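Chemist: Dumping the structure here so I can ask a few things about it.
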Amino acid sequence: MQKKDFISITDAGRGLNSLITGALRLKKELNEGSGHVRSRPLKGKNIGLIFEKSSTRTRVSFEVGINQLGGNSMYLNSRDLQMGRGETIADTARVLSRYLDCLVYRAFDNRAVKELASNASIPVINALDDLEHPCQILADLMTIREKFGRLKGIRMAYVGDGNNVCHSLMLGAAMAGMNFTAATPPGYAPSENIGQMAASISLDSGCTIQSIDDPELAVRKADVIYTDVWVSMGQESEREEKERAFSRYQVNTHLLSLAAKRAIVMHCLPAHRGLEITGDVLDGPQSVVFDQAENRLHAQKALLLRLLKK
Ligand code: CP
Ligand code: NVA
């Protein structure tokens, strides 16, 4: 049987909704102390986590989730591996496939994640790269379903940088039939290729996917306002230039007042209060950012079960 990877949110395919249903069930089981909490379905499985960049949520939620499912996690800082001294990604993939059952990889470059996956005989999960952040979006869609009871027809506005999180959201929204508008400054729009992929998926699911530069227009009547950092990991040298270009793209009370009355505010975190979002909005009653962070745990557990259980 061919092994399954999760490099892009599109890899969830038609199973996206059932993955979210599974995540909601795992959350309930954990709260009730039932199901997987007792059966430990990943007993005997070893999962390696290779990180080239910092992480709080992704690393800890994977490690805790694997542990709760009865498996064993191994954090591998890329600098401590021979990979950090020039061993090829392909050889690393071949060797680690002989020991482990799954690899979770946070990389600077999407090509590195694809190279690891194509040379590994075990499932590879993308834990963020420069192009996508699919695990985040799985938890985000779970959170939206939890709050609104559905995904289809929900209007989401993404305000900020057309980055990895924006790309996976755009694709995930298209798959789920959500109407998605990204508002980004000129020069920072999402990738055209991703936009085209999302547009073609949306033809099937019957929703609209747009990329514009006016944040006020994007958030009008939105059910969800989402933002992310202006300066992603690896872009630190662009800080000044980006902060200048993005000043109109802050999620604040004015922007929130244009959205639907019961709109929720989302952020993948870490957040910078006073830059991409004001403290009163991030910490305010419409913000669901900590539920969103918690749901990383449940969504990734559902994903691991999908990829690893026979
Ligand atoms: N949202 C997210 O992926 O956070 P970390 O960088 O802390 O893992
Ligand atoms: N876009 C951000 C997301 C962090 C979770 C980054 O890549 O740094």
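Read the figures in this text as sums done on the coordinates, not as results from a lab. Just so it is clear, the structure is predicted and the values come from calculations on it, not from any experiment. FYI the Cβ positions are ideal-geometry reconstructions off the backbone, even for glycines, and counts take in every protein chain you see.
Chemist: Do you know which residues across region 145-191 are among the acidic types (Asp, Glu) and closer than 23 Å to GLN250 by Cα?
Modeler: As a first pass, look at region 145-191 and keep what is among the acidic types (Asp, Glu): 146, 161.
Matches in region 145-191: ASP161 only.
Chemist: Kindly check whether there is at least one residue in region 27-43 that is touching a residue at least 24 places away in the same chain (Cβ under 8 Å), closer than 30 Å to ASP161 by Cα and either in a helix (DSSP H, G or I) or out of contact with any Pro (no Cβ under 7 Å at 6 or more places or on another chain) (or both).
Modeler: No, region 27-43 contains no residue that is touching a residue at least 24 places away in the same chain (Cβ under 8 Å), closer than 30 Å to ASP161 by Cα and either in a helix (DSSP H, G or I) or out of contact with any Pro (no Cβ under 7 Å at 6 or more places or on another chain) (or both).
Chemist: Among the residues of region 221-237, which ones are more than 16 Å from ligand 1 (Cβ to nearest atom) and surrounded by fewer than 14 Cβ atoms within 10 Å (Cβ to Cβ)? Don't jump to the end; show me each part of the working.
Modeler: Going residue by residue through region 221-237, those that are more than 16 Å from ligand 1 (Cβ to nearest atom) are 221-225, 237.
Within region 221-237, LYS221, SER237 meet the criteria.
Chemist: Cβ-Cβ distance below 6 Å, separation of 6 or more or different chains: which pairs start in region 90-118 with a residue that is free of Cβ contacts under 8 Å to residues at least 40 places away in the same chain and end on one that is polar (S, T, N, Q)?
Modeler: ALA90/ASN119; ALA93/ASN119; ARG94/ASN119; SER97/SER121
Chemist: Kindly indicate the residue of region 39-85 that is of a type in the set (Lys, Arg) and closer than 23 Å to PHE290 by Cβ and also farthest from the chain's Cα centre (by Cα) among those meeting that condition. Quick ask: steps written out before the conclusion?
Modeler: First, pick out the residues of region 39-85 that are of a type in the set (Lys, Arg): 40, 43, 45, 53, 57, 59, 79, 85.
Filter again for closer than 23 Å to PHE290 by Cβ, leaving 53, 57, 59.
Details: LYS53: 15, ARG57: 11, ARG59: 13 Å.
So, considering only residues that are of a type in the set (Lys, Arg) and closer than 23 Å to PHE290 by Cβ, the one farthest from the chain's Cα centre (by Cα) is LYS53.
Chemist: Give just the number: which of (1) assigned to a loop (DSSP other than H, G, I, E, B); (2) surrounded by 18 or more Cβ atoms within 10 Å (Cβ to Cβ); (3) acidic (Asp, Glu) does GLU87 not satisfy?
Modeler: Result: GLU87 passes all but (2).
Chemist: Oh, and also: How many of the residues making up region 192-220 are assigned to a loop (DSSP other than H, G, I, E, B) and surrounded by 16 or more Cβ atoms within 10 Å (Cβ to Cβ)?
Modeler: Of all residues in region 192-220, those assigned to a loop (DSSP other than H, G, I, E, B) come to 206-208, 213-214, 220.
From what is left, the residues that are surrounded by 16 or more Cβ atoms within 10 Å (Cβ to Cβ) are 207, 213.
Total satisfying the criteria: 2.
Chemist: If a residue must be within 17 Å of ALA263 (Cα to Cα) and not in a loop (DSSP other than H, G, I, E, B), how many such residues does region 139-168 contain? Show your work before the answer.
Modeler: Applying the first criterion (within 17 Å of ALA263 (Cα to Cα)) to region 139-168 yields 140-159.
Subsequent filtering for residues that are not in a loop (DSSP other than H, G, I, E, B) retains 140-148, 155-159.
The qualifying residues number 14.
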